[in-house]
Amino acid sequence: MLIAMLKPGAKPPPLPAAGDEKLQAYLKKHAEDLVRDFPDLCHYKSDNEGILKEAHPKAVFMGDSITEGWGVGDPSLFNRSVLDRGISGQTSPQMLARFYQDVVALHPQAVHIMAGTNDVAGNTGPSSPEDFKNNIRAMVDLARGRITFKSCWPASCRLNGFRGGPISSRSSRSGNSTSGCSNLRDSIT
């Protein structure tokens, strides 16, 4: 059923019943927040200000709920030198809009980008594979020459023209490229 809903031209899933006041209030607040602060620039702003007064982090993990949730799954992964900059539900245009503030300005040695799942789901409206690629390219361009990128897009995803599987990492420092989703913990410790 989910695959059928995500095909181009398919109708979105039905909204929850009108009687669920808590969910309706959450959805209303979420819609208002998107209008007021589309990229959620305030989410990590105060933490970033503190980080800027310290040493540069070894790595920043930029992403969505998957990235945000890694801290729950492995609390030892993130600390003041390995930062979690995941925000639940975010799409690549939102990540791009906050990329300078949440990544580039912090001058990390490495960045891990996890993006694409919410683009496929249409969380911020229609998005083409080319839109997604351009957002990723823009993030790469913003960090060129200073940051190593490792990215893993949705695996085995063939919805709305996205073709899955891990992609190659790009390293602007060394010129080296490694295939797929390497163990970033090993590369930053």
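Checking M62 against (1) of a type outside the set (S, T, Y); (2) over 29 Å from G122 (Cα atoms); (3) in contact with a Lys or Arg (Cβ under 7 Å, 6 or more places away or on another chain), only one condition comes out false. Which one?
It fails just one condition, (2).
List pairs: first in the stretch 98-122 and touching a residue at least 12 places away in the same chain (Cβ under 8 Å), second among the charged types (D, E, K, R), Cβ under 6 Å, 6+ apart or cross-chain?
Filtered contacts from the stretch 98-122: D102/R85; Q109/K58; H112/K150; N118/D64.
Given the criteria farther than 20 Å from A143 by Cβ and under 11 Å from the mean Cα position of the chain (by Cα), does T67 qualify?
no
Where residues in the stretch 49-80 are free of Cβ contacts under 8 Å to residues at least 24 places away in the same chain and charged (D, E, K, R), which of them is nearest to V103 (Cα to Cα)?
In the first step, residues of the stretch 49-80 are kept if they are free of Cβ contacts under 8 Å to residues at least 24 places away in the same chain; the result is 49-50, 53, 68-76, 78-79.
Keeping just the survivors that are charged (D, E, K, R) gives 49, 53, 68, 74.
Details: E49: 12, K53: 15, E68: 15, D74: 21 Å.
Only one residue fits best here, namely E49.
Could you name every one of the helices (runs of 4 or more DSSP H) located completely within the stretch 76-189 that has at least 1 residues being at pLDDT 50 or above? Quick ask: steps written out before the conclusion?
On the way: elements: 92-102, 117-121, 129-143, 184-188.
Counting at least 1 such residues, we get 92-102, 117-121, 129-143.
Out of contact with any strand residue (DSSP E or B) (no Cβ under 9 Å at 6 or more places or on another chain) and modelled with pLDDT of 90 or more - does that describe any residue in the stretch 58-73? Even if it seems obvious, please write down each step before you answer.
As a first pass, look at the stretch 58-73 and keep what is out of contact with any strand residue (DSSP E or B) (no Cβ under 9 Å at 6 or more places or on another chain): 72-73.
Next, from what is left, pick out any that are modelled with pLDDT of 90 or more: none.
There is no residue in the stretch 58-73 that is out of contact with any strand residue (DSSP E or B) (no Cβ under 9 Å at 6 or more places or on another chain) and modelled with pLDDT of 90 or more.
The values are calculated or read from the model by the stated rules, or taken from the named source; none is laboratory data. Not measured: the values here are computed from a predicted model. FYI the Cβ positions are ideal-geometry reconstructions off the backbone, even for glycines, and counts take in every protein chain you see.
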